[in-house]
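Taking it in order: structure first as structure tokens, then the write-up.
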Amino acid sequence: MSNLVTPEKSNIVTSDKFNFSDLFRKEDWWAIWLGFFIMAIALMGKVSGAFDLKAVKAHGWGTGDYPSLISAFDGLGSQLLFLLVFVGIITVIGMAVMREDVKGYIVAFPVVFVLANLAYLFSKHYVIKNYLGYAFWALGIGLLISNTVGTPKWLKPAVRTEYYIKTGLVLLGAEILFSNVIKFGLYGLGIAWLVTPIVLIFMWNYGTKILKMTSKPMVIVIAMATSVCGVSAAIAAAAAAKAKKEDLTFAVGLTLIFTVIMMVFMPLILSAVGMDPMLGGAWMGGTIDATGAVVLAGEAMGPLAGQVAAMVKMIQNVLIGIIAFAIAVFFATRVDRKDGDPAVGASEIWHRFPKFILGFIAASVIFSVLVEPSLGTDVTGSILKLTKGFRGWFFCLAFISIGLESNFKDMTQYLQGGGPLKLYIVGQSFNLVLTLLIAWLLLSGVLFPIPQLAGF
Amino acid sequence: MKATLGKKQIDFSLVISLMLFLGAVIVVIYLIIVDPFNLSSQPYGAGDYYYTDVDGFQDIFLGDTRIPMGTKHLFLFTVIFVGWSVFSCYLFLWLEKINK
């Protein structure tokens, strides 16, 4: 069973001393170089005004200007071709320097790209777009191929889950702006940051000690998806904990299904019982996994609930970076260490540490401390609009790859007596209760003054 | 939570979890096919995983309209944020140690 991160192949530096050639031979470092290259190009284009480096995808279709499936690509042909060539070239350079199968990659990559296009196409249907995003469709397409006709051997050189996912995560780092934690005040911080680690610790102990799940990375990936923000958090945790592909697949599958349920029914129920919009918004923001689902659910309960829900979720979005870093350190120093092994020293931690996390954190720090203060929030937002397009494509390519590498027979052994399902349900229930309690304590006037919201 | 039925042992927590999951899957399929709450009229939804995936994220999350909730003192925030992070890490490690 292959890992999401394959230590023996790409991630662990095997020599005792740091070797400068690692900077060009290891996938982790290439993820950093590619991520920062895309960020630099996007930044230069935006600042100079000379060009926009856009990563386009299919139009929303099924109604209005784009009624049919085919029309979803109207006017996008040349831009998609440019995207294919651009991403193909920069990734193939990395493959060449890492001495991987370049010829095979050049043949296979366009096909994986087309499959990712299909995933985006399905997710852009005017109804489906509100329920199931590209991750679901990419996994589904990959699994359908691998479990029916089988993944052809010639396609495998471009089935590079780790390469895509790490590059996408470095790009995601730029989107983590610390300033947003400060903007939203102590109340928002209390709801988002007080609950998150408690739920994470609860789920870890429940999964490892009570359910006795054997795959510890799976426990942390599901816990992160539940307590932070769904798919994005699951991806970051999976890469930081060197999880298996199946771990991520289960976590993403569970969070996608239950997010839809919570997105639709929480605002209905909370409105029906007459819950205060500020409290309801905070509760939904702290518990519904996907950020878009939080905004939709919040708005369904009214503008005030929408603002508060978005605010709380935004803080959780920012937490991804620091928690992913902590997970990487924890797994490198504790979980990967066998019983009886001596304590891990600094050099050993460095050897085991997934290096791309450094790029992930560095991107966040650079955009928070340098880019946003110097260029302003509007320009930073427009740069992120460009980089997030590429981040989405890399994640989509990664999910296609995961699907192509997985088969249902192997996946059944990861069911662990329903452990992942029980963990998610119990953890999410605990999350719901604790978030409501903390939100009520902070926002009801019991402990602190009820905050006065501007414009309401 | 287990019981025996004849020679077979039934894990009730698994049965309940599976029922919840299958029920959720059926409801999701129904919601997508019927779209009873007309969510398709909204520009965002469960497919937008991160805040930047949301259409108009700059206005919703990065705009000037901020909610003045409590203090905005940078030092206080930093201390609370970092302090709670460190405390959580130690709590996590301590629980790991005593539960071994």
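Nothing in this text is a laboratory measurement; each read-out follows from the coordinates by a stated rule. Everything numeric here is computed off the predicted structure, so don't read it as measured data. Heads up, the Cβs are rebuilt from the backbone with ideal geometry, glycines too, and the neighbour counts pull from every protein chain shown.
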By the Cα gyration tensor axes a ≥ b ≥ c (a/c under 1.5 gives rounded; else a/b larger than b/c gives prolate, otherwise oblate), the shape of the range A:187-259 is oblate
Determine the dipole magnitude for the range A:348-456: charges of +1 sit on the beta-carbon of Lys and Arg, -1 on that of Asp and Glu, nothing else is charged, the reference point is the Cα centre, and the result goes in debye to the nearest 20. 140
In terms of modelled amide H atoms, which long-range or inter-chain residues lie less than 5 Å from the amide H of residue A:61? A:125, A:126
Log10 I(q)/I(0) at q = 0.16 Å⁻¹ for the range A:93-138, from Debye over equal alpha-carbon scatterers, is -0.55
Please compute the average number of Cβ atoms from other chains found within 10 Å of each residue's Cβ in peptide A:383-389. 2
For residue B:97, list the aspartates and glutamates whose Cα falls under 18 Å from its own Cα; do not include residues on the same chain fewer than 8 positions away. A:336, A:339, A:341
Computed over the range A:291-439: relative contact order in percent, which uses C-alpha pairs under 8 Å that are six or more apart: 12
Dmax and Rg, reported as Rg then Dmax, of the range A:78-229 (C-alpha, Å): 19.8, 55
Take every residue in peptide B:15-24, count the Cβ atoms of other chains within 10 Å of its Cβ, and give the average of those counts. 4
Cα centroid separation - the range A:26-47 against the range A:267-282, whole Å: 43
With a 10 Å Cβ neighbour count serving as the proxy for reagent exposure, in which order, fewest first, do A:25, A:352 appear? A:25, A:352
CD proxy, 222 nm, the protein assembly as shown: helix-only mean residue ellipticity via -39,500 (n - 2.57) per DSSP H run with n ≥ 4, per residue, nearest 500, stands at -21500 deg cm²/dmol
In whole angstrom, the spacing between the Cα centers of the range A:227-250 and the range A:86-148 equals 19
Computed over the range A:52-109, the Cα gyration tensor eigenvalues, each multiplied by 5 and square-rooted, give semi-axes in Å (largest first) of 32, 12, 7
At 20 °C in a medium of viscosity 1.002 mPa s, chain A has a Stokes-Einstein diffusion coefficient, with Rh taken as the Kirkwood radius over alpha carbon pairs, in µm² per second, of 94
Surpassing 26 Å at the alpha-carbon level, of the pairs A:124/A:313; A:156/A:245; A:313/A:385; A:209/A:245; A:129/A:244; A:103/A:216, are A:129/A:244; A:103/A:216
If you average the sequence gap of Cα pairs under 8 Å that are 6 or more apart and divide by the length of chain A, what percent do you get for the contact order? 25
If packing is taken as the average count of other Cβ atoms within 10 Å, what order do A:54-60, A:44-50, A:30-36, A:130-136 fall into, highest mean first? A:130-136, A:30-36, A:54-60, A:44-50
So if I place +1 on the C-beta of Lys and Arg and -1 on the C-beta of Asp and Glu, and nothing else carries charge, what would the dipole magnitude of the range A:253-410 be about its Cα centre? I want it in debye, nearest 20. 240
Which whole-Hz couplings ³J(HN,Hα) result when phi for each residue of the range B:18-33 is put into the Karplus expression 6.51 cos²θ - 1.76 cosθ + 1.60, θ = phi - 60°, listed in order with x for Gly and Pro? 5, 5, 4, 5, 5, x, 4, 4, 5, 5, 4, 4, 4, 4, 5, 6
Using only the Cα atoms, what convex hull volume per residue in Å³ does the range A:217-301 have? 69
Can you give the charge dipole size of chain A about its Cα centre, rounded to the nearest 20 debye, using +1 on the beta carbon of Lys and Arg and -1 on the beta carbon of Asp and Glu? 620
With 10 angstrom as the radius, rank A:396, B:89 by how many other C-beta atoms surround their C-beta, starting from the fewest. B:89, A:396
